Amino acid sequence: MIDVQLIAKRIADNVEQVIVGKRNVVELTVLGLLCQGHILIEDVPGVGKTVLARSLARSVGCDFQRIQFTPDMLPSDVTGVSVFNQKTLAFEFRPGPIHTQIVLVDEINRATPKTQSALLEAMEERQVTVDGTTYPLEQPFMVLATQNPIEYEGTFPLPEAQLDRFLMRLNIGYPNKKEELDVLDRQQFAHPVNQLQQVVSLEELIATQDAIKGVYIDPVVKEYIVDIVRQTRNHPDVYLGSSTRGAIALYRLSQARAAMVGRDYVLPDDVKTLAVWTLAHRVIIGPAARMRDVTTPAIVQDVLDRLPVPGAQPRR
């Protein structure tokens, strides 16, 4: 039996050698990896978004690629292109940078919607289609995308279909003074990410991803997840609530969190802890609420505060 708690702790501890003082963000990122999901990191430049992705890839021994999105990028720059070989008189496929295991899409909102859409099939179906031919992607596969929430000039907001395919939206934030001093000390001679070693094999990672699916969720807790999602659709400040994909994401993440803390069953607390990270980016605020500066995390938190938490049920 695979020890999910031990595997997750080894990965998080290793990444934390580089990402100082952000244990919660590191653990949420590991949860995303264990759930075979994709993560959107929305934060200002220079807080460690790229380093987090590189550290995670090194910790689990996955191939890593970085794609810098710009307005002049084409979808083929992401997925790959078929090139005619004059020697063989045949087209040969040259894979793009999406053909890796962990891919960092930097400043995803700087590319046009057409280029952003090149990620949709890869994120949802773990494959890309070029010139009518489908190419499966390596397993495990994870997209870590970043965007700057401050600078909007020359950017293209992510469409709802794109946002909905991200398991979670996270922000890292600045370190405190002590942590920032620690970062300076660690980088005096070399960047610590270059010394990171692999702590989990790909076989262990894939086995852990499979093991999470067996974590028990009581029907009452399942109903609680669905009620939360449905309440986001009925909230007076919401124009469009969370999709069913959001409910599936919260379901899977709750299983992973339970396993990460050493349980083989999910509690309502697991659901409450992850709901804001999982659902807030799937909610669209109504025009009147937008004028009042209402935020989507506040809406999801309001739903959690109003909705009764189910009582524990014995497993039969």
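The values are calculated or read from the model by the stated rules, or taken from the named source; none is laboratory data. What you are looking at is a predicted structure, and each value in this text was computed from that prediction instead of being measured. Glycine gets a Cβ as well: all are built from the backbone with ideal geometry, and neighbour counts include every protein chain shown.
From D302, D269, grab the single residue that is over 17 Å from the mean Cα position of the chain (by Cα) and farther than 26 Å from I11 by Cβ.
Going through D302, D269 in turn, the sole match is D302.
Could you list all residues from the stretch 81-122 that are crowded, with 20+ Cβ neighbours inside 10 Å and either farther than 19 Å from L163 by Cα or touching a His at 6+ places or on another chain (Cβ under 6 Å) (or both)?
Once the filter is applied, which keeps residues that are crowded, with 20+ Cβ neighbours inside 10 Å and either farther than 19 Å from L163 by Cα or touching a His at 6+ places or on another chain (Cβ under 6 Å) (or both), the stretch 81-122 yields G96, H99, T100.
Mind checking which pairs have a first residue in the stretch 115-136 that is under 15 Å from V105 (Cα atoms) and a second that is hydrophobic (A, V, I, L, M, F, W, C) and surrounded by fewer than 16 Cβ atoms within 10 Å (Cβ to Cβ), Cβ under 9 Å, 6 or more apart or different chains?
T115/L74; S117/A161; A118/L74; L120/A161
Residues checked against (1) closer than 23 Å to A12 by Cα; (2) crowded, with 23+ Cβ neighbours inside 10 Å; (3) of a type in the set (S, T, N, Q):
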{"residue": "Y239", "(1), (2), (3)": "no, no, no"}
{"residue": "L253", "(1), (2), (3)": "yes, yes, no"}
{"residue": "A259", "(1), (2), (3)": "yes, yes, no"}
{"residue": "T273", "(1), (2), (3)": "yes, no, yes"}
{"residue": "T295", "(1), (2), (3)": "no, no, yes"}
{"residue": "G311", "(1), (2), (3)": "no, no, no"}
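Looking only at strands (runs of 3 or more DSSP E) that lie completely in the stretch 132-217, which have at least 3 residues being surrounded by fewer than 19 Cβ atoms within 10 Å (Cβ to Cβ)?
Passing ranges, in order: 133-136.
Inside the stretch 61-80, can you point out the residues that are in contact with a strand residue (DSSP E or B) (Cβ under 7 Å, 6 or more places away or on another chain) and polar (S, T, N, Q)?
Q65, Q68, T79
Pull up the stretch 54-80, narrow it to residues that are of a type in the set (A, V, I, L, M) and farther than 24 Å from E203 by Cα, then point me to the one that is surrounded by the fewest Cβ atoms within 10 Å (Cβ to Cβ).
L74
Would you check if there is a residue in the stretch 57-79 being within 22 Å of Q139 (Cα to Cα), among the aromatic types (F, W, Y), at pLDDT 90 or above and not in a helix (DSSP H, G or I)?
Yes, the stretch 57-79 has at least one match.
V103 versus (1) assigned to a strand (DSSP E or B); (2) under 19 Å from A53 (Cβ atoms); (3) in contact with a helix residue (DSSP H, G or I) (Cβ under 7 Å, 6 or more places away or on another chain): which is the lone unmet condition?
(3)
Taking the stretch 261-291 on its own, how many of its residues are in a helix (DSSP H, G or I) and either out of contact with any Pro (no Cβ under 7 Å at 6 or more places or on another chain) or within 15 Å of L167 (Cβ to Cβ) (or both)?
Number of matching residues: 19.
Which is among the charged types (D, E, K, R) and not assigned by TED's automatic domain parsing to the domain that holds L31, of R233, R186, R165, R169?
Numbers: R186 fails: not assigned by TED's automatic domain parsing to the domain that holds L31; R165 fails: not assigned by TED's automatic domain parsing to the domain that holds L31; R169 fails: not assigned by TED's automatic domain parsing to the domain that holds L31.
The conditions single out R233.
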